[in-house]
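This report refers to the structure that appears directly beneath it.
Only the coordinates and a few stated rules stand behind these numbers; no lab work does. All values reported here derive from a predicted model rather than from experimental measurement. Cβ: placed from backbone, ideal geometry, glycine included. Neighbour counts: every protein chain shown.
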Amino acid sequence: MRACVKNSGGPEDDEDEWGLVGMLHDFDYEMFPSADQHPFTGANILCGRGYSERFIRAIMGHATYTGVPRDTAMARALFATDELCGFLVACALVRPTKSLDDLEVRSVRKRLKDKAFARSVNRDDIRQGSEELGVDLDEHIRFVIDALRPVQKEIGLSPLAD
């Protein structure tokens, strides 16, 4: 999400807020995984802690079933990166290197077609997210791979340079 700020045309000071919305959007999921609770419970908790309406609406909008429109660049970016980030990590973990360093877009596209691979990832959300951003899916996949590379060690992957 922090990398998405640069593509949004928004002010650089949004980078911390966007990063935080990316980190917190699913904080309630393990406790409240059902569609009637997530992200509603988390949004209520964050609202009670003083987070902005824009912040809360972006979190609500990342789940299509809430009916909350993605009417800001932050909300569209969260939706567009949420499923894709998890999918890219899954793609990297099945590679011999366990790294994003050698992961190519064509390999990701091939995996997207394989419904048995990472079956819980919603492929329609990945496609719709890139459409809502107004970018080609291959371009979006490349952007997110490049954005995740610097933090791949922190998310459990094995950078080749280590």
Work out the charge dipole of the chain with +1 on the Cβ of Lys and Arg and -1 on the Cβ of Asp and Glu about the Cα centre, then indicate which of Leu100, Val144, Thr81 is farthest towards its positive end. Leu100
Per the rule of 0.36 nm per residue minus the C-alpha distance, extending Ser120 to Asp71 adds in nm 15.0 nm
Over what distance in Å are the Cα centres of the stretch 36-73 and the stretch 88-155 separated? 24 Å
Using the crude model of +1 on Lys and Arg Cβ and -1 on Asp and Glu Cβ, and no other charge, please compute the dipole size for the stretch 2-151 relative to its Cα centre, in debye to 20. 660 debye
Order these by the 10 Å Cβ neighbour count, fewest first: Ser130, Ser8. Ser8, Ser130
Checking the cross-link filter: which aspartates and glutamates have an alpha carbon closer than 12 Å to that of Lys110, excluding same-chain neighbours under 8 positions apart? Asp138
Arg106 versus Ser158, label points 7 Å from Cα toward the beta carbon: distance in nm? 2.5 nm
Within the chain, what is the longest stretch that has no GluC sites (Glu not before Pro) placed in a DSSP loop and near at most 15 other beta-carbon atoms within 10 Å? 31-103
Given a cut-off of under 8 Å on Cα pairs at least six residues apart, what relative contact order in percent is computed for the chain? 19 percent
I'd like the FRET efficiency for Val135 and Glu30, computed as 1/(1 + (r/R0)^6) with the beta carbon distance as r and R0 of 41 Å, rounded to 0.05. 0.85
Overall Cα dimensions of the chain, principal axis frame, Å, largest first: 45, 35, 30
Please give the peptides 54-63, 107-116 ranked by average Cβ packing (other Cβ atoms within 10 Å per residue), highest first, as a rough proxy for protection. 54-63, 107-116
Cut-off is 10 Å between beta-carbons; in what order do Cys91, Cys47, Cys85 appear when sorted fewest neighbours first? Cys47, Cys85, Cys91
